[in-house]
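Report on the structure given below.
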Amino acid sequence: MATILQIETATQVCSAAISRNGETIALKEVMANNIHAGSLTLFIEEVMKHTGLQFTDLDAVAVSKGPGSYTGLRIGVSTAKGLCFALDKPLIAIDTLQMMAAGFLAQRAEYVGQICPMIDARRMEVFTALFDQHLNYVMPTEAKIVDEHSFKDQLVLEKVTFIGDGAMKCAEFLQHENAIFSDQNFNSAANMSRLAYKSYVASQFEDVAYFEPFYLKDFVFTTPKKKG
């Protein structure tokens, strides 16, 4: 039996969940700006209390590794690593985009086509990848500027469903009969459950001391312009 604490902070969603053998048994999440630092540990305490578990009952901690928000990822990964150090538990890292695709497929068992998760990276850029209905990568993760030529080869061949907070802003450029858009939120720690359990069974763990989030792009510090 594997009981796993799961953390997702790659976007505006702050989410904590507990799964048992790949099934979610507790979830607490809120979508809001800049709440991760003040809310994540409270959400973790809430799902632990809801299940009646002690931290020592956990078998592993799983965290959404990115790509996504630089600050959000640092908070989530730092929290997960701290728990793993303190509890001497293994760390599991879950690709954020694959987690989103897994959440979509969990609700659409008969879906045939490709899934394209998109995380908003400002302007017309998104963090994205392309998956088939079996969660295999069709296109690797990349930071992509979306225009009217994007994904045209895939859309000619089959249906593609675009999901995530970056998808709707790209709809005007991706006009095609095979392009489908969903504004539903799939950035949830609950969508990590089966992926985390699969990694746990295969002993696919990270080095807690050296693991870093998958930022995809370097964080750029800007200095505000002086008035006057």
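The values are calculated or read from the model by the stated rules, or taken from the named source; none is laboratory data. Every value quoted in this text rests on a predicted model; they were computed, and no experiment measured them. Cβ coordinates were reconstructed from backbone atoms using ideal geometry, including for glycine residues, and neighbour counts include every protein chain displayed.
Being over 21 Å from Ser182 (Cβ atoms) and either of a type in the set (Asp, Glu) or at pLDDT 95 or above (or both): is that true of Asp88 here?
Criteria met by Asp88.
For residues in the stretch 164-181 being touching a helix residue (DSSP H, G or I) at 6+ places or on another chain (Cβ under 7 Å) and outside any strand (DSSP E or B), which is nearest to Phe104 (Cα to Cα)?
We begin by selecting, within the stretch 164-181, every residue touching a helix residue (DSSP H, G or I) at 6+ places or on another chain (Cβ under 7 Å); these are 164, 176, 178-179, 181.
Adding the requirement that they be outside any strand (DSSP E or B) leaves 164, 176, 178.
Working: Gly164: 10, His176: 21, Asn178: 17 Å.
Here the answer is Gly164.
What number of residues within the stretch 119-130 satisfy the criterion of being farther than 16 Å from Leu73 by Cβ and surrounded by fewer than 24 Cβ atoms within 10 Å (Cβ to Cβ)?
Number of matching residues: 5.
Out of the stretch 183-218, which residues are among the basic types (Lys, Arg) and either out of contact with any strand residue (DSSP E or B) (no Cβ under 6 Å at 6 or more places or on another chain) or closer than 17 Å to Ala26 by Cβ (or both)?
Kept after step one, since they are among the basic types (Lys, Arg), are these residues of the stretch 183-218: 194, 198, 217.
Scanning the stretch 183-218 gives Arg194, Lys198.
Only one of these conditions is not met by Phe43: (1) closer than 30 Å to Ile145 by Cβ; (2) in contact with a strand residue (DSSP E or B) (Cβ under 7 Å, 6 or more places away or on another chain). Which number is it?
Just one mismatch for Phe43, condition (1).
Determine whether the stretch 139-155 contains at least one residue that is assigned to a loop (DSSP other than H, G, I, E, B) and under 22 Å from Lys198 (Cα atoms). Let's see the steps before the verdict.
Initial filter on the stretch 139-155 (assigned to a loop (DSSP other than H, G, I, E, B)): 146-151.
With under 22 Å from Lys198 (Cα atoms) added as a condition, the list becomes none.
Within the stretch 139-155 (the criterion being assigned to a loop (DSSP other than H, G, I, E, B) and under 22 Å from Lys198 (Cα atoms)), the answer is no, since none of the residues qualifies.
For the stretch 1-118, list the helices (runs of 4 or more DSSP H) that sit wholly inside it and hold at least 3 residues that are under 16 Å from the mean Cα position of the chain (by Cα), surrounded by 16 or more Cβ atoms within 10 Å (Cβ to Cβ) and touching a residue at least 40 places away in the same chain (Cβ under 8 Å); which are they?
In the stretch 1-118, 70-87, 96-106 are the helices (runs of 4 or more DSSP H) which contain 3 or more residues that are under 16 Å from the mean Cα position of the chain (by Cα), surrounded by 16 or more Cβ atoms within 10 Å (Cβ to Cβ) and touching a residue at least 40 places away in the same chain (Cβ under 8 Å).
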